[in-house]
Amino acid sequence: EQDAMSAAFDAAVAADARIEPRDWMPDAYRATLIRQMAQHAHSEIIGMQPEANWISRAPSLRRKAILMAKVQDEAGHGLYLYSAAETLGVSRDELLDKLHTGRQRYSSIFNYPTLTWADVGAVGWLVDGAAITNQVPLCRCSYGPYARAMVRICKEESFHQRQGYELLLALSRGTPAQHAMAQDAVDRWWWPSLMMFGPPDDESSHSAQSMTWKIKRHSNDELRQRFVDICVPQAEVLGLTLPDPELRWNASREAYDYGPIDWTEFQEVLRGNGPCNDQRMEQRRAAHEEGTWVRDAGVAYAAKHGEAAA
Ligand code: FAQ
C-alpha cells in the first residue's frame, strides 16, 4: 500500500498536480516544507523590525501611512504562512518556540541595520524585489496551501517593491544630500540582497531534492541572476549605481556578469554573528512575552463562547 501511495505522490508531482494536506506525502517532503515555510514565516515577522524602526520618523504623514501599511502586510504574510505550515501537522506555538530558541532560521537579510530613511527605500526596492523574484515561482510550488498563500503575498510584495523604488527615486532626484543618502543605502543593501537567494548551487544542500519535488522551480543561482538582470536597468533609471565594479553585460550569456559574493559574511550572519542578530532575536522574544496576555485572553474568550455555541 505504501508503494501505491508513493507512486501516486510521484505521479501527482510529475503531472504538476497539487499535493494537498490530506494526501500522502513522504516524511522528508513534509519536513522540507515545514523547514522552508517556517523559515519564510519567521522572516516575515522578523522583517517587520528593520522597517518599523522608521515609522515614528517617517518624513511625512503620507510616507508614514504607507510604511505602516507595509509593515502590517508583513505581519499578515507571517500569519498566512504559519497557517499554511499548520496544515502539515505542526502548530504555530511549536514553530515560534523553534524560532525563539534558535532551532529554526529566518532570512539573513534581516540582520542588517536600517541606518537612514533611505534604507526604507532600499529595503523596498532590493529586499522586496529579491523576495518577489524568489517567490513568484513558489506560486507554482507542488504543495497547494503554500502555492496559494504565495499568490496574494506576491501581489502585496509588488506594491512594497514599488513604494521602495518610488521613495528612492524621490531621494535620488532630491538635494545632493538626499541623493547621497540614497546611494549609501543602495551600497549597503546590494550585496546582502544577493545573499537572500541562498548559497551558490554547488553548496545548496536542499536544492536538488526540492527541485525534484517541485517545491523549488529554479536554483538559487538562476534566481539570483534573474534579480541582477532586473536591477541593473532599474538602477540606471534611479540615477544610482550598484556597488560592483565587475557588473557588465555579457552578450554571449545575455545576462549581466557580477563580482564575487562574500560567502564568509553570509555564513557568519547564519551563525548569528551579523550586525543585528542579537537585537532582532531579543526584540522578537520580548514581543512574544509581552503578547502573552493577548493570547491568553483570546483562548479564554474562545473557551467561553465555544461552550455557549455547543
Ligand atoms: N538566510 O540548501 P539551501 C521576506 C540556509 S523574503 C538564512 O539553498 P533552501 C519578505 C537554508 O535554510 C525572505 N538562511 O536551502 C519581506 C539551509 O539551512 P539548513 C524570506 C538561509 O531552503 C521583505 C542552508 O542555508 N523568503 O521575508 C538563506 O533550498 C521585506 C542551505 O541552503 C523565503 O524564505 C538565507 N538567505 O533554499 C519581509 C522564501 N539561504 O536548514 C519583510 C522561501 C539559505 O540546512 C520585509 N524560501 N539558507 O540549516 C526559499 O525559497 C528557500 O528556502 C531559499 C533557500 C532560497 C531561501
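The values are calculated or read from the model by the stated rules, or taken from the named source; none is laboratory data. Treat the numbers as computed from the prediction; the structure is a model and nothing was measured. We place every Cβ from the backbone using ideal geometry, glycine too, and count neighbours over all the protein chains shown. Just so you know, the surface numbers come from the protein's heavy atoms only, side chains and all, with ligands and any DNA or RNA stripped out. Shrake-Rupley method; radii C 1.70, N 1.55, O 1.52, S 1.80 Å.
Test each condition in (1) of a type in the set (Val, Ile, Thr); (2) within 11 Å of the ligand (Cβ to nearest atom); (3) under 28 Å from Ala14 (Cβ atoms) for Thr212 and report the one that comes out false.
(2)
Mind counting the residues in segment 131-140 that are under 15 Å from His77 (Cβ atoms) and within 9 Å of the ligand (Cβ to nearest atom)?
Of the residues in that region, 5 qualify.
Considering every residue within segment 221-235, establish whether at least one is free of Cβ contacts under 8 Å to residues at least 60 places away in the same chain and part of a loop (DSSP other than H, G, I, E, B).
No, segment 221-235 has no match at all.
Pick out the one residue from Ala235, Ala303, Ala255 that is open to solvent by 40 Å² or more (accessible area, probe 1.4 Å) and either small (Gly, Ala, Ser) or in contact with a strand residue (DSSP E or B) (Cβ under 8 Å, 6 or more places away or on another chain) (or both).
Ala303
Please go through segment 179-202 and pick out each residue that is open to solvent by 10 Å² or more (accessible area, probe 1.4 Å), touching a residue at least 60 places away in the same chain (Cβ under 8 Å) and in a helix (DSSP H, G or I).
His179, Met181, Asp184, Arg188, Trp191
Does Asp184 fit the bill of being away from the ligand (no atom under 13 Å from the Cβ) and more than 26 Å from Ser219 (Cβ to Cβ)?
When the stated conditions are applied, Asp184 passes them.
Which numbered condition trips up Ser172, out of (1) open to solvent by less than 40 Å² (accessible area, probe 1.4 Å); (2) out of contact with any His (no Cβ under 7 Å at 6 or more places or on another chain)?
Failed condition: (2).
Which of the residues that make up segment 33-55 are more than 7 Å from the ligand (Cβ to nearest atom) and assigned to a helix (DSSP H, G or I)?
If the condition is that a residue be more than 7 Å from the ligand (Cβ to nearest atom) and assigned to a helix (DSSP H, G or I), then Leu33, Ile34, Met37, Ala38, Ala41, His42, Ile45, Ile46, Gln49, Pro50, Ala52, Ile55 are the ones that fit.
For segment 56-123, please list each of the helices (runs of 4 or more DSSP H) lying entirely inside it that holds at least 1 residues being more than 24 Å from Gln234 (Cα to Cα) and within 13 Å of the ligand (Cβ to nearest atom).
Of the helices (runs of 4 or more DSSP H) lying wholly inside segment 56-123, those with at least 1 residues that are more than 24 Å from Gln234 (Cα to Cα) and within 13 Å of the ligand (Cβ to nearest atom) span 61-86, 92-100.
Filter segment 79-115 down to the residues that are farther than 24 Å from Met25 by Cβ and in contact with an Asp or Glu (Cβ under 7 Å, 6 or more places away or on another chain) and list them by number.
Within segment 79-115, Thr114 is the sole residue that qualifies.
Inside segment 259-272, can you point out the residues that are of a type in the set (Val, Ile, Thr) and either within 10 Å of the ligand (Cβ to nearest atom) or part of a helix (DSSP H, G or I) (or both)?
Result: Thr264, Val269.
Which condition from (1) open to solvent by 70 Å² or more (accessible area, probe 1.4 Å); (2) assigned to a helix (DSSP H, G or I) is the one that Pro275 breaks?
(2)
Look at Gln72 and say whether it is modelled with pLDDT of 95 or more and under 16 Å from Phe227 (Cβ atoms).
Judged against the criteria, Gln72 is not a match.
Restricting attention to segment 17-61, report how many residues are surrounded by 16 or more Cβ atoms within 10 Å (Cβ to Cβ), basic (Lys, Arg) and over 23 Å from the mean Cα position of the chain (by Cα).
0
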